[in-house]
Amino acid sequence: MSNGARKFQENLRLLNLKKNWAMFVFLAAILFFNVLWMPAPAALTISVLALILFFLMAFNIISLARAEGVIRRERNQIFGIISRLTDGLIVYDVYFRILLINSKAEEILDVKREDILGKAVKPEMQQDPRFKLFVQAIFPSLAPKVKKITAEYPEVMEVSFAEPKELELQITTNPIIDPGGRLTGYLKIIHDISRERAVSRMKSEFITIAAHQMRTPLAAVKWTFQTLLAGEAGPLNEEQTACVKDGAEVSAHLIKLVGDLLDVAKIEEGKFGYEFAMIDIVELIERAIADNKLAAAQREISLIFNKPPVALPQIKADPQKVFLVLQNLISNAIKYNRKGGWVAVEAGKEGDYVKVAVRDSGVGIPANQMDRLFSKFFRGSNVVRLETEGSGLGLFIVRNVVRRHGGKVWAESEEGVGSAFYFTLPAEAKMIPEAEAPGDEF
């Protein structure tokens, strides 16, 4: 069959004579009336006009049919993609009327499309067991346990459920804005993180058990080296003393690493444990500097504390945990510095917070690695070449301790010039979060 014949058949199909028969019968009736009743000139004119109208209408019908076919194919393609998404997807208008829900959202939230599509969701619907999970996903504030990740759109929340089944979800909400800037609805993406969290808990439990098991033999190794160095097992020659000292240093490093791993595991489980009391941050800084004086002197680093010109108010905090933050930041500033360099610690009041800064003249941090600075096991590429020891866990612990206190931590750095680390702690106790939450990576 020729291309012309195939195209003619396709146009006839799109014309859909069965659907548009009334229009064609009407035009045929006009032509018949013209031939029988109208004078020849008028009949010819009307017949030509009717035929032109016929072809214009036929052309429009075929064009609309083609456009409708394209739209139908694109719509089916989009629905096919949405239905195969590994995350749940829900679209609803400003009246919370459900416009779209994919099969993954049905599976996660134990709901059937036909039961909720086109219906307006209301908070009281959670009383019906069939819709409990679904309603709490639409209104996360109704869920038993909610953690807000971002305050602005796209709004991200982590929601935990105990019933009707144990479930942990990350729910992302995006507004739908039309070209005129008018809000028309919302899009929710439902990501099931239950398995991820279970794996994370198993990993933390393994680290905790392994670290606890390592503590006792490492303590015995450390005690053995200390006994040898003290000469209690007999005198050592110079070479033996050097070997024992190296062993003592390595065992001390391993013990610190095990301690850091235990701290990280507890932070991830939200069980680090905090005991808040009223503290003087200046006294805590002075203690941390005194503890690091020897390390600074050994590296010929000037360690100074620029005391605030006016007395700072006492704040509510866990003194041991805040001391751990100071210890990590100051020891890092000394460790990753140059011979003859300096480390300066400052403190002051800034708005509703007490702000502490630890500045140094060290090697700095590569600009392309700054976004990973407070993540677990991160060590700058330039730092690894300079100092082989280090777990990369200190700044992760710092970030989560400061976050538990209701403060923030951040850094400024230029590679080859130096770094400045800042953290804030709220001056008012009411600004401290009520409960400890599981630590996060970023």
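Can you tell me which residue in region 346-366 is surrounded by the most Cβ atoms within 10 Å (Cβ to Cβ), limited to those that are part of a strand (DSSP E or B) and touching a Lys or Arg at 6+ places or on another chain (Cβ under 8 Å)? It comes out as K355. Residues that are touching a strand residue (DSSP E or B) at 6+ places or on another chain (Cβ under 9 Å), loosely packed, with under 14 Cβ neighbours inside 10 Å and touching a residue at least 60 places away in the same chain (Cβ under 8 Å) within region 183-205 comprise L183, T184, listed in sequence order.
Residues that are open to solvent by 70 Å² or more (accessible area, probe 1.4 Å) and touching a helix residue (DSSP H, G or I) at 6+ places or on another chain (Cβ under 7 Å) within region 298-315 comprise R299, K307, listed in sequence order. None of E155, E166 is in contact with a strand residue (DSSP E or B) (Cβ under 7 Å, 6 or more places away or on another chain), at pLDDT below 90 and either of a type outside the set (D, E, K, R) or closer than 24 Å to E436 by Cβ (or both) except E155.
Could you list, in sequence order, all residues of region 396-434 that are in a loop (DSSP other than H, G, I, E, B) and without any contact (Cβ under 8 Å) to a residue 12 or more places away in the chain? Please lay out each step first, then the result.
Step one: filter region 396-434 for residues in a loop (DSSP other than H, G, I, E, B), giving 405-408, 415-417, 427-428, 432-434.
The answer is E434, and nothing else.
Only one entry of A265, A242, A295 meets the criterion of being surrounded by 14 or more Cβ atoms within 10 Å (Cβ to Cβ) and either at pLDDT 85 or above or in a loop (DSSP other than H, G, I, E, B) (or both), and that entry is A295.
Pull up region 106-119, narrow it to residues that are aliphatic (A, V, I, L, M) and either without any contact (Cβ under 8 Å) to a residue 40 or more places away in the chain or touching a Leu at 6+ places or on another chain (Cβ under 6 Å) (or both), then point me to the one that is most open to solvent (accessible area, probe 1.4 Å). Among those that are aliphatic (A, V, I, L, M) and either without any contact (Cβ under 8 Å) to a residue 40 or more places away in the chain or touching a Leu at 6+ places or on another chain (Cβ under 6 Å) (or both), it is L117. Taking the criterion of being aliphatic (A, V, I, L, M) and either in contact (Cβ under 8 Å) with a residue 24 or more places away in the chain or open to solvent by 50 Å² or more (accessible area, probe 1.4 Å) (or both), the residues of region 120-144 that qualify are A120, V121, L133, A137, I138, L142. With the structure loaded, tell me whether D87 is farther than 15 Å from Y186 by Cβ, surrounded by 11 or more Cβ atoms within 10 Å (Cβ to Cβ) and modelled with pLDDT of 65 or more or whether it fails that test. Yes, satisfied. Summed over region 282-292, residues that are of a type in the set (D, E) and exposed (fewer than 14 other Cβ atoms within 10 Å of the Cβ) total 1.
The lone criterion from (1) in contact with an Asp or Glu (Cβ under 6 Å, 6 or more places away or on another chain); (2) in contact (Cβ under 8 Å) with a residue 24 or more places away in the chain; (3) within 15 Å of G88 (Cβ to Cβ) left unmet by T173 is number (2).
Residues in region 428-442 that are touching a Lys or Arg at 6+ places or on another chain (Cβ under 7 Å) and modelled with pLDDT of 85 or more: 3 in all. Within region 215-231, one or more residues are of a type in the set (V, I, T), surrounded by 15 or more Cβ atoms within 10 Å (Cβ to Cβ) and part of a helix (DSSP H, G or I). Going by the conditions given, is K376 touching a strand residue (DSSP E or B) at 6+ places or on another chain (Cβ under 9 Å) and touching a residue at least 60 places away in the same chain (Cβ under 8 Å)? Judged against the criteria, K376 is not a match. Test Q320 against the stated conditions and say whether it is closer than 23 Å to H212 by Cα, surrounded by fewer than 16 Cβ atoms within 10 Å (Cβ to Cβ) and in contact (Cβ under 8 Å) with a residue 24 or more places away in the chain. Criteria met by Q320.
Identify all residues within region 145-182 that are of a type in the set (G, A, S) and open to solvent by less than 40 Å² (accessible area, probe 1.4 Å); write none if there are none. Can you show your working first?
Our first condition is that a residue be of a type in the set (G, A, S); within region 145-182, this holds for 151, 160, 162, 180-181.
Across region 145-182, the qualifying residue is only S160.
The requirement of being open to solvent by less than 40 Å² (accessible area, probe 1.4 Å), closer than 26 Å to P319 by Cα, of a type in the set (S, T, Y) and modelled with pLDDT of 90 or more is fulfilled somewhere in region 412-422, by at least one residue.
The values are calculated or read from the model by the stated rules, or taken from the named source; none is laboratory data. On a predicted model such as this, the values are computed, not experimentally measured, just so you know. A quick note on method: Cβ atoms are made from the backbone with ideal geometry, for glycine too, and the neighbour counts reach across all protein chains shown. All accessible areas refer to the heavy atoms of the entire protein, side chains included, with ligands and DNA or RNA removed. Shrake-Rupley method; radii C 1.70, N 1.55, O 1.52, S 1.80 Å.
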